[in-house]
Structures are given as C-alpha cells and as structure tokens.
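Since the structure comes first, as structure tokens, the remarks are kept for the end.
The values are calculated or read from the model by the stated rules, or taken from the named source; none is laboratory data. Just so we're clear, the structure is a prediction, and the values are computed from it rather than from any experiment. A quick note on method: Cβ atoms are made from the backbone with ideal geometry, for glycine too, and the neighbour counts reach across all protein chains shown. These accessible areas exclude ligands, DNA and RNA; they are computed on the full protein's heavy atoms, side chains included. Shrake-Rupley method; radii C 1.70, N 1.55, O 1.52, S 1.80 Å.
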Amino acid sequence: AMIEVLAKLGRGPVFLAGEVLECVITFTNPLSAASTSASSEMLAWASAQIHCQFHTSENRVALPPSDGSKHDVQAENETVFVPNRVHCLRLSYYTACGLGKLQKCSRCVEKRWGLCDSYCETLPIDGPPSFRGQSVKYVYKLTIGCQRVNSPIKLLRVPFRVLVLHGLKDYQFPQDEAVAPSNPFLEEEESLKKDSRLADLATELLMVATSRRSLHLYNISNTRGKVGTFCIFKTVYKIGEDVIGTFNFSEGDIPCLQFSVSLQTEESIQEEFQRRRGQLGSFSTHARHQEACLHTAQSSFSLPIPLSSTPGFTTNIVSLKWRLHFEFVTSGESSGTCLVRGSQSEAITCTGVEQIEVDTFSWDLPIKVLPTNPILASYVSQFSSTNSITI
C-alpha cells in the first residue's frame with residue numbers, strides 16, 4: 001500500500017528572481033496489474049510552499065537576536081510548514097477515471113490512475129541569490145507536504161537555484177498590452193506573459209552589459225621599474241564566459257620570471273554583522289593560470305567563469321565581489337642566463353644561473369560578474385529536475 005509523489009520542474013532547476021516557478025506534481029498508485037480492482041489508496045491532503053533557508057557561520061557572523069514571533073517553526077518539527085507563503089494544491093484528475101467527488105479532503109487514488117496539478121509561485125524579485133559561501137548560505141527549496149490516510153506526514157523537498165539580476169526590480173512593464181509583442185494564436189495567462197517578458201528583458205540587459213568592449217591598458221611596475229603592460233577588453237562578464245587578457249613584456253625594464261592569474265571571489269560580511277572589528281573577507285579561487293615567462297615577449301591567459309558559480313551580489317548581511325588576482329616574480333638581473341663556451345670556438349651553450357635574487361608583488365583588478373540565461377545554467381546544475389517520494 002503506497003502512493004508515489006513525483007515533482008518535476010519542467011524548465012529546469014535554475015530560475016531568475018522574479019520569475020514564476022512552475023512544478024508539476026503527480027500522485028500515482030504504483031500497484032501491479034495483478035492487484036484487484038478494490039486496491040486503492042486515500043490521499044488525505046497535500047500542500048506546497050517555497051522557502052529560502054539562511055545559514056551563517058557563528059565564528060564569522062554576529063546576527064541580532066531573532067524575534068520570537070517570527071521564529072521558523074519548521075526547525076522544531078519537520079512536519080510543520082512555515083506559516084508564510086503556503087499554497088494548497090488544487091488537486092484534479094489527469095485521466096478520465098470517474099472516481100467521484102472530493103469527500104472530506106480526501107482523494108481516492110486507484111491503481112495505475114492518479115492525480116496531477118501544476119504548482120506556480122512567483123519568486124521574490126528582491127530576494128537573495130542561491131549562495132554557498134564560507135560565512136553565509138542561501139538555499140532555496142520547494143517543499144511538498146502530503147499525507148496518506150492513516151499514515152504519517154511526509155515531505156518532498158525539491159531544491160532549485162535562484163539567480164538575481166539587479167535592475168529588474170525597477171523596470172516598469174508597459175500598461176498597454178496592445179503595443180507589446182504577442183502571439184494571437186496562443187492564449188497565455190497574464191502571469192506567464194509577464195514571466196516570459198521578464199526572461200526576455202533579462203537576456204537583453206545581460207547582452208547589452210557584457211557586449212561592450214573597450215581597450216583597458218595597465219602598466220605593470222614595481223619599485224625598480226616597469227615590468228610590462230597588461231591588456232583586457234572588458235571588465236563585465238556573465239557566468240559561463242571566459243576572462244581573456246594579454247601581457248606584453250617586451251617594453252619592460254625588469255625581467256619577469258613568472259606570473260600567475262587567479263579568478264577569485266571575495267565574500268565580505270557587512271560591518272554591523274561582523275563577529276570581530278576589522279574582520280577580513282574570505283577568498284575563493286575558481287580558476288588559475290600560471291606560466292614561466294623569462295625571455296617571453298608576449299603571453300596571454302583564458303580563465304573560464306564556472307556556470308555553477310554565484311554572480312556578484314550584495315545583501316544587508318554579506319556581499320560577494322569578483323576580481324583578478326595577479327602575482328609576479330621579477331629579477332633585478334639584466335639577464336636570467338649565463339653563457340658558457342664549449343670546447344669548440346663556434347659552440348656556445350646557454351645554461352641557467354644557479355641562484356638569482358627575485359622580488360614578488362601582487363595586484364588586484366576588480367571585475368563584474370552577472371548571471372546568465374537560467375536555461376543555460378540548468379545544464380550544469382547539480383540539482384535534478386525530477387524528485388520523488390513514496391508515502
């Protein structure tokens with residue numbers, strides 16, 4: 001005796017803040033063909049809700065005392081829903097089975113038959129993005145609670161990812177729908193129309209922001225003189241793009257022996273929530289390029305921004321910023337090699353010096369990383385679009 005609950009996110013497990021999350025929830029009775037016609041199960045009730053779990057590290061974050069009236073009751077009892085944002089499913093048949101009317105909040109799930117409904121909810125446009133940092137974590141889940149008659153309550157949790165694009169909140173959609181592009185052959189609900197326009201607007205804003213290219217030249221120098229120049233064509237990227245830069249050491253006065261470039265994020269706690277005064281941020285490295293460049297006139301690097309990473313954002317508690325971290329190893333010597341003549345007058349052997357004095361210095365270049373199309377991010381998501389449980 002059992003009922004199988006299947007939840008499926010049709011478009012994938014990644015959404016933009018402000019979009020409508022749609023999840024198709026199906027209840028079936030997975031009995032074999034040998035079962036009698038009298039085999040049936042009663043579904044007492046079902047409900048679904050979206051919530052964002054907020055976790056902090058006690059060693060890094062000092063939160064004010066929580067208000068008892070707003071305490072999350074789900075932490076004490078996993079079968080109790082958080083009071084806000086609760087949405088009850090409108091259960092309906094998806095097969096013409098003629099099982100009769102709803103009686104006392106119960107549905108009869110016959111063998112090989114079932115119930116199906118679509119749960120839709122708009123994600124808050126001013127909410128935080130999904131983020132798993134060293135100090136703070138924001139985790140989104142769709143929780144489906146259901147109970148079979150005379151059985152304990154079960155919860156099916158469907159994790160998903162939320163990307164936040166700043167600027168969508170202040171955008172006002174045109175009131176006159178006649179001037180908006182539409183398909184006369186399709187009848188769409190108003191929420192779906194707005195959701196589609198929101199995704200199109202986000203794609204347009206991202207394309208405009210990340211397609212602008214202009215030459216940025218930086219001189220690399222230390223206390224002894226010029227090492228070279230660095231060139232980059234843009235400083236605003238989407239997750240999934242590659243950060244490309246080039247070096248020119250031919251005009252440098254100081255030989256560069258080695259350089260490394262790291263793509264990093266800095267997670268900083270806002271001052272009022274820091275556990276210690278002057279607390280430093282924590283850094284995470286997502287990609288790194290290292291190269292020995294003695295006697296190299298020009299060089300380049302390409303660092304991919306992972307689709308699974310979190311774009312830059314700021315909340316009242318934490319901020320996340322992206323940067324390129326450069327480290328250079330230079331020499332004060334005019335040449336990094338010595339020449340040793342062989343036994344024959346025309347033979348010359350070049351060998352490296354055994355010891356050389358070096359200087360190291362670093363440099364940070366801030367960059368801006370924005371979200372990408374949520375459908376593209378769904379391809380590499382660790383979350384599954386389909387989740388199930390048996391009650």
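Quick look at the numbers
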| read-out | value |
| --- | --- |
| Which listed residue, of Leu16, Leu31, is on the phi < 0 side of the Ramachandran plot and modelled with pLDDT of 90 or more | Leu16 |
| Out of Ala199, Ala180, Ala209, sole residue that is open to solvent by less than 60 Å² (accessible area, probe 1.4 Å) and modelled with pLDDT under 50 | Ala180 |
| The listed residue being open to solvent by less than 70 Å² (accessible area, probe 1.4 Å) and at pLDDT below 95, out of Gly312, Gly352 | Gly352 |
| Criterion violated by Leu156 - all others in (1) at pLDDT 75 or above; (2) more than 30 Å from Pro306 (Cα to Cα) satisfied | (2) |
| Filter result (closer than 19 Å to Pro366 by Cβ and of a type outside the set (Phe, Trp, Tyr)) within the stretch 234-245 | Lys234, Thr235, Val236, Lys238, Ile239, Glu241, Asp242, Val243, Ile244, Gly245 |
| Residue list for the stretch 214-264, restricted to those being under 34 Å from the mean Cα position of the chain (by Cα), without any contact (Cβ under 8 Å) to a residue 60 or more places away in the chain and crowded, with 20+ Cβ neighbours inside 10 Å | Phe247 |
| Residue list for the stretch 133-165, restricted to those being of a type in the set (Ser, Thr, Tyr) and closer than 16 Å to Met2 by Cβ | Ser151 |
| Single residue of the stretch 234-249 satisfying the filter (of a type outside the set (Val, Ile, Thr) and assigned to a strand (DSSP E or B)) that is farthest from Ala287 (Cα to Cα) | Asn248 |
| Subset of the stretch 266-306 [open to solvent by 90 Å² or more (accessible area, probe 1.4 Å) and outside any strand (DSSP E or B)] | Glu271, Glu272, Arg275, Arg276, Arg277, Leu280, His295 |
| Candidate set: the stretch 115-172, residues that are acidic (Asp, Glu) and assigned to a strand (DSSP E or B); chosen: the one surrounded by the most Cβ atoms within 10 Å (Cβ to Cβ) | Asp117 |
| Cross-chain or 6+ apart pairs with Cβ under 8 Å, the stretch 284-305 first and in the same structural domain as Pro255 (by the TED database), then outside any strand (DSSP E or B) and open to solvent by 70 Å² or more (accessible area, probe 1.4 Å) | Ser284/Gln134; Ala297/Ser250; Gln298/Ser250 |
| Residue pairs meeting the criteria (Cβ under 6 Å; at least 6 apart or on separate chains; first farther than 14 Å from Phe15 by Cα, in the stretch 364-388; second open to solvent by 60 Å² or more (accessible area, probe 1.4 Å) and modelled with pLDDT of 90 or more) | Thr386/Lys8; Ser388/Leu6 |
| Of the criteria (1) over 23 Å from Pro13 (Cβ atoms); (2) modelled with pLDDT under 80; (3) open to solvent by 80 Å² or more (accessible area, probe 1.4 Å), which one Cys97 fails | (3) |
